[in-house]
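The values are calculated or read from the model by the stated rules, or taken from the named source; none is laboratory data. Please read these numbers as outputs of a predicted model, since none were measured by experiment. Backbone-built Cβ (ideal geometry, glycine too); neighbour counts: all protein chains shown. The accessibility values were calculated without ligands, DNA or RNA, using every heavy atom of the protein model including side chains. Shrake-Rupley method; radii C 1.70, N 1.55, O 1.52, S 1.80 Å.
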Amino acid sequence: MTTTRARTVLLAAPRSFCAGVERAIDTVERLLAAPQRRDPIYVRKQIVHNTHVVAELAARGAIFVEELDEVPAGATVVFSAHGVSPAVRAEAKRRELTVVDATCPLVTKVHAEARRFAARGDTIVLVGHAGHEEVEGTAGEAPESTVVVGDPAEVAALEVPDESRVSYLTQTTLSIEEADATIQALRQRFPQLHGPGSADICYASTNRQQAVAAIARHSDVVLVVGSQNSSNSLRLVEVAQRQQVPAYLIDNAAAVSFSWIESADIVGLTAGASAPGVLVDEVIEKLRTWGPVTVREHVTAVEDIAFAPPHEVRRLP
Ligand code: SF4
């Protein structure tokens with residue numbers, strides 16, 4: 001038996017889609033809608049890490065595969081927003097696939113830095129989560145010269161051929177606070193450490209983390225809409241929890257448990273960069289079934305970034 005209670009939903013802004021995710025989804029949508037298209041559109045890996053987005057595109061005809069050997073020779077394949085290693089590009093060429101690259105331009109920038117650091121003979125310390133697709137893609141630019149570290153403890157255990165030739169890069173969706181701690185440990189260990197020209201943690205991750213920290217301070221509980229494999233969404237949960245507030249990652253409205261919000265007057269709400277805004281609206285509707293809701297938005301930044309589509313998409317009629 002649930003009791004009715006009036007609540008305020010404090011919405012973080014910015015939240016939900018970033019420019020890189022918009023571009024990647026738009027790429028697949030435009031390929032699927034191309035008037036002359038007869039052949040299937042394959043997508044290597046989830047185009048972005050969100051189950052709702054992937055299900056919608058699959059329902060419209062996109063075929064998601066894990067690896068290129070599942071794509072027939074000569075077919076069209078889209079590379080996801082997280083990027084791919086040169087080995088994957090070479091494999092696509094060998095199999096004569098038509099590639100449409102939806103890698104986020106901010107991930108492409110990190111790849112370019114990896115090539116530059118490797119070319120001058122540095123060991124590259126890539127700060128990120130081992131096994132994440134973006135990390136695999138970036139490390140693949142210079143696999144012989146790259147080591148992945150996740151935290152300061154792993155920095156202490158690093159062994160490099162020349163301590164005066166070490167550079168670092170980071171995954172784009174890390175927590176700013178945790179990445180700073182690891183970079184600080186790297187600087188102490190390797191005083192001549194080189195870094196990227198500008199921060200690798202992208203504007204969207206930075207803005208969404210600052211926005212969720214701001215609402216968490218005023219909330220009794222925080223809900224983050226995003227999928228379990230979404231790095232940037234998981235970081236939003238952690239940032240909120242660091243404000244000593246209970247925070248939960250939810251794929252959609254159905255995942256919200258009444259017990260989490262039962263005694264809450266203020267529910268903080270946000271969404272990761274890969275989660276559609278409509279899912280946030282659905283969470284608010286779900287909360288309304290448990291009592292009257294007033295929605296207030298707390299804006300910490302305004303985003304006006306857009307990326308041009310891949311040139312294969314620009315050429316479509
Ligand atoms: S989270 Fe950042 S790096 Fe990832 S797609 Fe969005 S803008 Fe690009």
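Points to keep in mind about this one:
- Summing charges over all other residues whose Cβ lies under 9 Å from the Cβ of residue 265, with Lys and Arg as +1 and Asp and Glu as -1, gives +1.
- For residue 146, the residues whose amide H sits under 5 Å from its own are 124, ignoring neighbours fewer than 5 places away on the same chain, with H placed 1.01 Å from N.
- Which of 37, 23 is most accessible, then next, and so on - probe 1.4 Å: 37, 23
- Contour excess over end-to-end distance, with Cα ends at residue 198 and residue 69 and 0.36 nm allotted per residue: 42.8 nm
- Ordering 84-97, 203-216 by mean Cβ neighbour count within 10 Å, with the highest value first, yields 203-216, 84-97.
- Net charge contributed by nearby residues that have their C-beta within less than 13 Å of residue 161 (K/R +1, D/E -1): -4
- Charge dipole (the chain, unit charges on Cβ, about Cα centre) - positive-most of 250, 132, 309: 309
- For the chain, the Cβ-based charge dipole about the Cα centre amounts to some 680 debye (Lys, Arg positive; Asp, Glu negative; other atoms uncharged).
- Linear extension gain, residue 295 paired with residue 307, 0.36 nm per residue minus alpha-carbon span: 1.3 nm
- Each distinct pair of alpha carbons in region 63-202 adds a 1/r term; the inverse of their mean, the Kirkwood radius, is 15.7 Å.
- Straight Cα distances below 19 angstrom link residue 286 to the aspartates and glutamates 220, 251, 262, 265, 297, with same-chain residues fewer than 8 positions distant left out.
- Difference of contour (0.36 nm per residue) and Cα-Cα distance, residue 255 to residue 189: 19.4 nm
- Area accessible to solvent at residue 117, 1.4 Å probe radius, in Å²: 0 Å²
- Orientation-averaged projected area, Cα convex hull of the chain (nm²): 18.0 nm²
- Under 13 Å, Cβ to Cβ, from residue 226 - net charge with Lys/Arg +1 and Asp/Glu -1: +1
- Over the chain: helical MRE at 222 nm, DSSP H runs n ≥ 4 each giving -39500 (n - 2.57), nearest 500: -11000 deg cm²/dmol
- Positive-end ranking of 155, 168, 73 along the dipole of the chain, with charges on Cβ about the Cα centre, is headed by 73.
- The distance linking region 200-265 with region 76-117 is 31 Å (Cα centroid to Cα centroid, whole angstrom).
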